[in-house]
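The values are calculated or read from the model by the stated rules, or taken from the named source; none is laboratory data. Worth saying up front: this structure is predicted, and the values here are computed from it rather than measured. All Cβ positions, even for glycine, are placed from backbone atoms using ideal geometry, and neighbour counts span all protein chains on display. Quick note on the areas: whole protein, heavy atoms, side chains included, nothing else; ligands and nucleic acids left out. Shrake-Rupley method; radii C 1.70, N 1.55, O 1.52, S 1.80 Å.
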Amino acid sequence: RLVHLDLKGAAPRVQYLEQLLPLLRALGATGLLLEYEDTFPYTGPLEVLQAPHAYSPAELRALLSQARAQGLDVVPLLPFPLQFVLKHREFADLREVKALPNALNPHKEESLALVKAMIDQVMALHEDLQWFHIGCDEVYYLGEGEESKLWLQQQNNTPEKLCLSHIKAVATCLAWSYPMVTPIVWDDMLRGISEETLAESGVPQLVQPMIWDYATDINVEGKVQLIEKYRRCGFSKVWFASAFKGATGVNQTLTLIGHHLRNQLEWLQVASRSPANVLEGIALTGWQRYDHFAVLCELLPVGIPSLAVCLQVLKNGGYSEKIKENVENFLGIPNLEIDTYMSPSLGTFPGSDILTLVTQISFHLKSSVDELLERNRYATGWFSLYHRKRKIIHPIVMYRFQPDAVSLFSKWNAVVQDLQAAMEQVFHRCAIEEWMDENVHPSLEKLQQVLDDLDEA
């Protein structure tokens with residue numbers, strides 16, 4: 001049971017992750033799937049890939065040592081097709097399509113040299129790895145570059161074969177240098193490929209597919225048939241991937257536990273109908289962005305109650321009142337809410353204050369500002385945009401409207417300052433600024449502008 005930590009946005013400080021590891025272990029996790037992306041401390045020509053808040057080698061060694069001490073396996077994830085690499089000018093000439101940083105050109109020797117260099121640097125910081133996830137999902141635009149178009153014109157060449165040869169090349173890069181490590185790939189590029197083409201490619205002998213689906217109705221029968229297909233093609237083992245957060249809306253701020261609970265229950269059904277020796281494990285994904293260029297979705301502390309429920313469900317084979325009590329005890333929360341968003345009541349788990357304050361802001365900030373500015377009769381009738389533009393005001397508006405606006409602004413300013421202080425314990429400044437810009441500043445700036453206009457008028 002791997003907990004996926006998506007570090008390509010709002011990457012937590014190592015100290016926070018270290019606080020979290022004992023809780024994850026107690027809840028039922030047996031490993032971590034670490035998607036480093038630009039937080040890995042690359043060196044040499046790859047140093048440009050590091051984000052300003054990237055972990056140092058010492059920080060990562062400390063985290064990996066702590067994971068080992070908790071008995072957690074670590075599986076690194078390098079997200080080929082490498083958007084976070086191909087966006088850089090230094091690597092733009094390795095793009096499949098010149099204008100888009102979505103896929104690596106599979107025909108260039110430099111592409112594989114880059115893959116190998118990245119794998120080597122990640123492997124150098126990890127000990128005793130059993131698996132290495134090489135991504136290979138959603139490789140859009142593969143086959144649309146000029147060299148690929150020429151390749152596809154040759155007899156018997158198809159987009160499916162191009163995709164498989166690319167996966168094989170990346171997996172072989174890993175297998176040659178690290179024969180004891182098994183590559184894992186997301187399975188979405190494999191699903192539609194015929195059994196014959198898959199079997200002939202040699203890919204099933206090299207990798208283990210991770211079948212992902214984050215919905216509440218994942219078509220259990222279809223998944224069982226897909227597993228049987230993969231077995232017939234020669235894949236020795238398969239993985240599943242569910243989600244505990246980051247899968248219900250690109251700019252989602254709160255996690256609806258019930259959705260993710262039902263997703264786990266569906267996967268338990270698939271597992272119960274699969275051959276006993278075929279399933280290697282399941283990754284509980286917790287996406288932080290839908291891709292490298294997307295906005296942030298739910299912050300990790302916000303998703304902890306959902307993660308706790310999902311881990312307990314998978315560990316115990318189902319959901320019950322006893323599981324609910326377990327989670328409440330583990331997290332120190334008085335009442336776990338499954339089918340509504342959590343009410344803002346403080347727990348004792350790491351980052352629970354962030355969940356409380358984010359819940360307040362998500363439920364009430366925008367709606368309270370809109371209520372004041374769009375449904376208050378003094379704002380709409382005596383201090384409209386027309387009045388504000390011309391600085392026209394009846395003095396009575398100052399007495400009837402301004403105190404409410406000042407009071408609301410002060411209230412939210414205090415909440416936001418509390419949240420900022422809580423977030424600084426967990427996140428770097430860039431993540432805090434981004435979250436505030438998306439979720440706080442639009443409403444507060446609107447309110448501040450009205451206050452400024454009132455003063456001027």
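Worth pointing out:
- Area accessible to solvent at residue 140, 1.4 Å probe radius, in Å²: 120
- Computed over protein heavy atoms with a 1.4 Å probe, the carbon and sulfur contribution to the accessible area of region 48-146 reaches 48%.
- Scanning residues 5 or more positions from residue 182 or on other chains, those with amide H under 5 Å from its amide H are 131, 132, with H placed 1.01 Å from N in the peptide plane.
- Whole-angstrom gap from region 220-281 to region 1-61, using each part's C-alpha centre: 24
- Of 223/324; 8/87; 108/149; 411/446, pairs whose Cα-Cα distance is over 19 Å: 223/324
- Taking a ≥ b ≥ c as the square roots of the Cα gyration tensor eigenvalues, region 2-331 comes out oblate, since a/c reaches at least 1.5 and a/b does not exceed b/c.
- The local environment of residue 335, defined by Cβ-Cβ distances under 12 Å, has a net charge of -2 under the rule Lys, Arg +1 and Asp, Glu -1.
- For the chain: accessible area per residue (Å², 1.4 Å): 43
- Placing dummy labels 7 Å off each Cα toward the beta-carbon, the span from residue 219 to residue 320 is 3.3 nm.
- Debye, to nearest 20: dipole size of region 30-172, +1 on Lys, Arg Cβ, -1 on Asp, Glu Cβ: 140
- Around residue 139: net Lys/Arg minus Asp/Glu count, Cβ-Cβ under 15 Å: -4
- Figure note: 120, 437 ranked by solvent-accessible area, largest first, 1.4 Å probe, ligands and nucleic acids not counted: 437, 120.
- Across the protein chains, with a 1.4 Å probe defining accessible surface, the residues 390, 13, 232 rank 232, 390, 13 from largest area downward.
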